[in-house]
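Below: the structure, in structure tokens.
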Amino acid sequence: MPKKKKIFISVIGMGYVGLPLANQLSKHFKTIGYDINKNKILKLKKGLDETGELKKISKKLKLTSKFEDLIKTNIFIVCLPTPVNKHKKPDLKILKNSLSKISKIFKQDDTLIIESTFYPGATEILVNKYLGKKFNRLNFGYSPERINPGDKINTISKITKVISANNNKTLSLMRTIYGSINNNKIFSAKNIKVAEAAKLIENVQRDLNIGLINELTKIFSILNISIHDVLEASSTKWNFLKFKPGLVGGHCIGIDPYYLKFICDKINFKPNVFMSARNTNESMISYYSEKILKYLDQKYKILYLGVAFKENTGDLRNSKYFDLFKNLSKSYSVDYYDPLIKDAKFKNDYVTISRKKPYDVVILAVPHNKIVKFLRNNIRSILKKGGIFIDLNNNFKNINKNSYNYITL
Ligand SMILES: NC(=O)c1ccc[n+]([C@@H]2O[C@H](COP(=O)([O-])OP(=O)(O)OC[C@H]3O[C@@H](n4cnc5c(N)ncnc54)[C@H](O)[C@@H]3O)[C@@H](O)[C@H]2O)c1
């Protein structure tokens, strides 16, 4: 194991996972953050983090979009996207390309750590495929990431980190590295497959629980019962799990079950439980679309609030709330507003919206704190008296119902 002073880390992929990690590591070790996206690196160098995850980028963190700059590093931590393709199968292209590049500069005693989410067995297969031919002895590990975009409480330095490696030396090195950024809150998994599986099921479990609530939402809707009223009552029981209905998007909960499904297919196991929840969650866009469309009319001015994949993040990837907006826009002209989306294509600002004539319908899709605050202060000016307020998740249940037609789904 290199002495602490000799540790030189490269973090590959400066996204939601890699950037906060590299930032923290740079406070303890020589660290360089690499991303293929030159523009992103330029902005990060100016202190601009578009993910909104960091308060401040450490001056000690070196940033680069030149792969050659990683040559002198001896620990490579890969934080690259692992999406699914249009057939909902794991798409490992980005990762494979990167491993192929790393193999060209990797040295015998270097260490490779993967953080990207996988199915059990993937790390070993890929590492052996891309590095195994060159070296007869390799040091590699897997440490899944748990950060939750938009969550300012469970941040990287506060959460327990699961680590796993192919030998004790690497495990011990990983304990030193990760332990230094989170006060040694480390759990060593029995092996790499266990760590990969542990990460997957954290998200599969959430998907399953939300799927159940979504199914109950549909059942109770037919029975003319509000799921929100039911949940409020049930939540008074000490061990009731507080999941809410909604659209499951993003790059974790809505993706990881497909990685588990992929490995199930490989071993000829037909899953009955988690894929039912997954399919139910996929079906919720049409459920919400149908419900909302009943209230719309061609002559209405309509405002849709929140298009990110979940509240308090500006992340649009695989956002089902954005898909819902696009669905509604096929039949109606709908304005939208999301103060957290930084993408220039999504120009919108609430000042313009506030100055427009009041809307007939306001749809609250993603209740970012900023949107909720904006609505509390501006609902009178943006929604006509007697207008329709469609609140997907019952956030404004105490609103003055004499002034608006309040609908929750
Ligand atoms: N975002 C989360 O909340 C979260 C949580 C836990 C685990 N994960 C997992 O972590 C992994 C990374 O996710 P993320 O959310 O940070 O992704 P991201 O899309 O936010 O970031 C990935 C970064 O990698 C860069 N990149 C793409 N190809 C590259 C290449 N060839 N070389 C260098 N950089 C490249 C992109 O420009 C981007 O900045 C995924 O496997 C994801 O499932 C994500």
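The values are calculated or read from the model by the stated rules, or taken from the named source; none is laboratory data. Small disclaimer: the values here were computed from a predicted structure and weren't measured. In this analysis, Cβ positions are derived from the backbone assuming ideal geometry, glycine residues included, and neighbour counts consider all displayed protein chains. Heads up: the accessible areas ignore ligands, DNA and RNA and are worked out on the full protein's heavy atoms, side chains in. Shrake-Rupley method; radii C 1.70, N 1.55, O 1.52, S 1.80 Å.
Collect the residues in segment 104-133 that are of a type in the set (Val, Ile, Thr) and either open to solvent by 10 Å² or more (accessible area, probe 1.4 Å) or under 24 Å from the mean Cα position of the chain (by Cα) (or both), keeping them in residue-number order.
The answer is ILE105, ILE113, ILE114, THR117, THR123, ILE125.
If the requirement is being within 22 Å of ASP315 (Cα to Cα) and of a type in the set (Lys, Arg), which of these qualifies: LYS62, LYS88?
Numbers: LYS62 fails: within 22 Å of ASP315 (Cα to Cα).
Just one listed residue meets the conditions, LYS88.
Do we have any residue at all in segment 367-389 that's assigned to a loop (DSSP other than H, G, I, E, B), at pLDDT 90 or above and out of contact with any His (no Cβ under 7 Å at 6 or more places or on another chain)? Step through it out loud before you land on a result.
Looking only at segment 367-389, we keep the residues that are assigned to a loop (DSSP other than H, G, I, E, B), and these are 367-368.
Checking which are at pLDDT 90 or above leaves us with 367-368.
With the extra rule that they be out of contact with any His (no Cβ under 7 Å at 6 or more places or on another chain), the set shrinks to 367-368.
Yes, that holds for at least one residue.
Could you grab me the full set of residues in segment 185-218 that are out of contact with any helix residue (DSSP H, G or I) (no Cβ under 9 Å at 6 or more places or on another chain), part of a helix (DSSP H, G or I) and more than 13 Å from the ligand (Cβ to nearest atom)?
Residue satisfying the conditions is VAL194 alone.
Of the conditions (1) open to solvent by 60 Å² or more (accessible area, probe 1.4 Å); (2) more than 10 Å from the ligand (Cβ to nearest atom), LYS96 clears all except one; give me its number.
So LYS96 meets the others, but not (2).
Out of ASN154, ASN148, ASN182, which single residue is more than 30 Å from PRO90 (Cα to Cα), within 16 Å of the ligand (Cβ to nearest atom) and surrounded by fewer than 21 Cβ atoms within 10 Å (Cβ to Cβ)?
It is ASN182.
If you go through segment 232-252 one residue at a time, how many are of a type outside the set (D, E, K, R) and open to solvent by 20 Å² or more (accessible area, probe 1.4 Å)?
Number of matching residues: 11.
Quick grid of which residues meet (1) under 17 Å from ILE213 (Cβ atoms); (2) open to solvent by 20 Å² or more (accessible area, probe 1.4 Å); (3) part of a loop (DSSP other than H, G, I, E, B):
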| position | (1), (2), (3) |
| --- | --- |
| GLY254 | yes, no, yes |
| LYS270 | no, yes, yes |
| TYR300 | no, yes, yes |
| ASP335 | no, yes, no |
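Mind checking which residues of segment 104-127 are more than 14 Å from the ligand (Cβ to nearest atom) and under 19 Å from TYR259 (Cβ atoms)?
Those that are more than 14 Å from the ligand (Cβ to nearest atom) and under 19 Å from TYR259 (Cβ atoms): PRO120, GLY121, GLU124, ILE125, VAL127.
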